[in-house]
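Asker: Submitted below is the structure of interest, expressed as structure tokens.
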Amino acid sequence: MNYIARLATKSDMKQVHDLIVELAVFEKEPNEVEISVSDLEIDGFGAKPKFTCFVIEIDSKIVGAALVYMRYSTWKGEVLHLEDLIVSEKMRGHGLGTILLNEVVKYGNTLGVKRICWEVLDWNDPAITFYEKKGANVKRDWDVVHLNENGIKNYLNNI
């Protein structure tokens, strides 16, 4: 299989958005994607990019993407956060996830980060197995905490 792994360009964002929607369907949250192609183009390729994206392309079609951004840890300092690593369902099992994760880890290393972190759904056993085989420590004793837009408004209304 001939592929190209590379940094994404602004013109890739439509196909990246399609992958994001596909992931949302897989994660049983098909109506949660609010971000648009235009948002991705502006946020990733504006004056101050908010993320970096790697893609895998086969025959001019993007079949995988990994989106990362910087965070700051009070314990470690700069940390690279992997928001999503997505491989199109029909292309899974061909090693493309490994290629994308390799790109993310190499990128984090060049940045000199002390940690690369991400979340995985507790029911996504294939992903958990994949990450653990790569040497990642899946922290099963931590819970992810989100305050969504309505939660933010409710919180502010109660202070």
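Bear in mind these aren't lab numbers, they're just calculated from the coordinates by the rules spelled out. Here the structure is a predicted model, which is why all the values come from computation and not from measurement. Glycine also receives a Cβ, built like all others from the backbone with ideal geometry; neighbour counts cover every protein chain displayed.
Asker: Listed here are the pairs LYS61/LYS134; LYS50/LYS133; LYS61/LYS133; LYS76/LYS139; LYS114/LYS139; which of them are more than 24 Å apart at the Cα?
Answerer: Listed pairs above 24 Å: LYS61/LYS134; LYS50/LYS133; LYS61/LYS133.
Asker: Determine the distance separating the Cα centre of segment 79-139 from the Cα centre of segment 9-74; give it in Å without decimals.
Answerer: Distance between centres, Cα-based: 15 Å.
Asker: I need the phi-derived Karplus couplings for segment 144-150: 6.51 cos²θ - 1.76 cosθ + 1.60, θ = phi - 60°, integer Hz, Gly and Pro marked x.
Answerer: 7, 10, 10, 10, 6, 4, 5
Asker: Among DSSP beta bridges whose residues both lie in segment 4-118, state the antiparallel percentage, nearest 5. Present the calculation step by step, with values, prior to reporting the outcome.
Answerer: On the way: 21 of 24 bridges.
DSSP beta bridges in segment 4-118 are roughly 90 percent antiparallel.
Asker: Just to confirm the filter: which trypsin sites (Lys or Arg not before Pro) across segment 1-109 are DSSP coil and have at most 10 other Cβ within 10 angstrom of their Cβ?
Answerer: Details: sites: ARG6, LYS10, LYS14, LYS28, LYS50, LYS61, ARG71, LYS76, LYS90, ARG92, LYS106; in loops: LYS28, LYS50, LYS76, ARG92.
Within segment 1-109, the qualifying trypsin sites (Lys or Arg not before Pro) (loop, at most 10 other Cβ atoms within 10 Å) are LYS28.
Asker: Could you compute how fast segment 4-118 diffuses translationally, taking Rh as the Kirkwood radius over C-alpha pairs and applying Stokes-Einstein at 10 °C with viscosity 1.306 mPa s? Give it in µm² per second.
Answerer: On the way: Rh = 14.6 Å.
The calculation lands on 109 µm²/s.
Asker: Related question: Springs between alpha-carbon pairs under 10 angstrom, Gaussian network model over the chain: which of HIS94, HIS81, HIS146 fluctuates most?
Answerer: Looking only at HIS94, HIS81, HIS146, the largest GNM fluctuation is found for HIS146.
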